[in-house]
Ligand SMILES: CC(C)=CCC/C(C)=C/CC/C(C)=C/CC/C(C)=C/COP(=O)(O)OP(=O)(O)O
Ligand SMILES: Cc1cc(O)c2ccccc2c1O
């Protein structure tokens, strides 16, 4: 079964890579005869090229890119706040910061893949089947994770030279993010003792927003922590729906998550709070401060079907759909801040 799945995924990659056109292989076969080093050499070359393409696609999928909105929106939010406070934003710093946070997030996803597999938590029906279906070997995942952490450190070093933020402050936030991404499932494995939700709330919220803001302005401020709240709650909704969906298999594997502790009914209540409290906050900001803060309310029609699916316990695609909502809400929130008239936003 695993072999079949692996093969069908591999075929999908090949088809995607060859424009889904079966005739391409036939064409390649014909042109082999024209190759100066002979037909064997060309077909070996095309096989190597397609193997490389397959491997690259497998690495990209292993990162679970659908979840990247969760780390990109807080970076954009930190940049937008810096723009509002300082009147300008350094786009190079913003880009390097986005890559740094993305790379550490991606590495965290790989650590999660590796440890969930080695503890027997991921199975055939799991969302993440990179190792279960033998799409990659555990060693590949370890190497890729180490590579991403190294790249993250390189980017953080670059940020040190680009930004005026003091080294100890930059290192504190960066290594805070890096250790959270590892400890989520690695080492003590915070996810396995019902602390995963706290890690996600802090890292994808205050920590990432503060990091992005601090590298722009060159100092630490509590303001980004407050602005991070609506987005952090929505990001936690992604994880909570994920954990509610996986409740039974997680229980069987002997781990404890918040969703397991509170059960399905309270999980539904919590999901609604995580989903709708941000909208209440945006209403308050829009009515008391500036109307541009009403922009994220445009995503409200996407939230109601999610609530309905959660209520009827159709959890299958809720995390991915919540991530989509998270991306749009984040974009509107950022635009709401950028478009706010000068001095109209609450400051501390
Ligand atoms: C501030 C700086 C520099 C970086 C912050 C960078 C971030 C956001 C790091 C967080 C990394 C982190 C905690 C990643 C783990 C995310 C994750 C894999 C959540 C889902 O875990 P599961 O609940 O096991 O999901 P699956 O069931 O899909 O495997
Ligand atoms: C893979 C994955 C899965 C999730 O459920 C996430 C939830 C919040 C933030 C990040 C997440 C993530 O990277």
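Data table
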{"quantity": "Residue under evaluation residue 96, criteria (1) more than 16 Å from ligand 2 (Cβ to nearest atom); (2) within 19 Å of residue 129 (Cα to Cα), criterion not met", "calculated": "(2)"}
{"quantity": "Residue in the stretch 109-119 that is more than 17 Å from the chain's Cα centre (by Cα), surrounded by 21 or more Cβ atoms within 10 Å (Cβ to Cβ), part of a loop (DSSP other than H, G, I, E, B) and touching a residue at least 60 places away in the same chain (Cβ under 8 Å) present", "calculated": "no"}
{"quantity": "Per-region count, the stretch 213-237, residues within 16 Å of ligand 2 (Cβ to nearest atom) and closer than 20 Å to residue 159 by Cβ", "calculated": "1"}
{"quantity": "Number of positions in the stretch 120-153 that are closer than 23 Å to residue 315 by Cα, surrounded by 14 or more Cβ atoms within 10 Å (Cβ to Cβ) and more than 13 Å from ligand 1 (Cβ to nearest atom)", "calculated": "1"}
{"quantity": "Restricting the stretch 51-90 to residues that are surrounded by fewer than 16 Cβ atoms within 10 Å (Cβ to Cβ) and assigned to a loop (DSSP other than H, G, I, E, B), the residue that is nearest to ligand 2 (Cβ to nearest atom)", "calculated": "88"}
{"quantity": "Qualifying residue in the stretch 254-269 (condition: within 16 Å of ligand 2 (Cβ to nearest atom), at pLDDT 95 or above and surrounded by fewer than 19 Cβ atoms within 10 Å (Cβ to Cβ))", "calculated": "yes"}
{"quantity": "Residues of the stretch 56-74 satisfying the condition of being more than 19 Å from residue 322 (Cβ to Cβ) and touching a residue at least 24 places away in the same chain (Cβ under 8 Å)", "calculated": "57, 58, 59, 61, 62"}
{"quantity": "Where residue 240 falls short, out of the listed (1) modelled with pLDDT of 95 or more; (2) closer than 19 Å to residue 193 by Cα; (3) within 16 Å of ligand 2 (Cβ to nearest atom); (4) surrounded by fewer than 21 Cβ atoms within 10 Å (Cβ to Cβ)", "calculated": "(4)"}
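The values are calculated or read from the model by the stated rules, or taken from the named source; none is laboratory data. What you see is a predicted model, and the numbers here were worked out from it, not measured in a lab. Quick reminder, even Gly has a Cβ in these numbers, built from the backbone with ideal geometry, and neighbours come from all protein chains shown.
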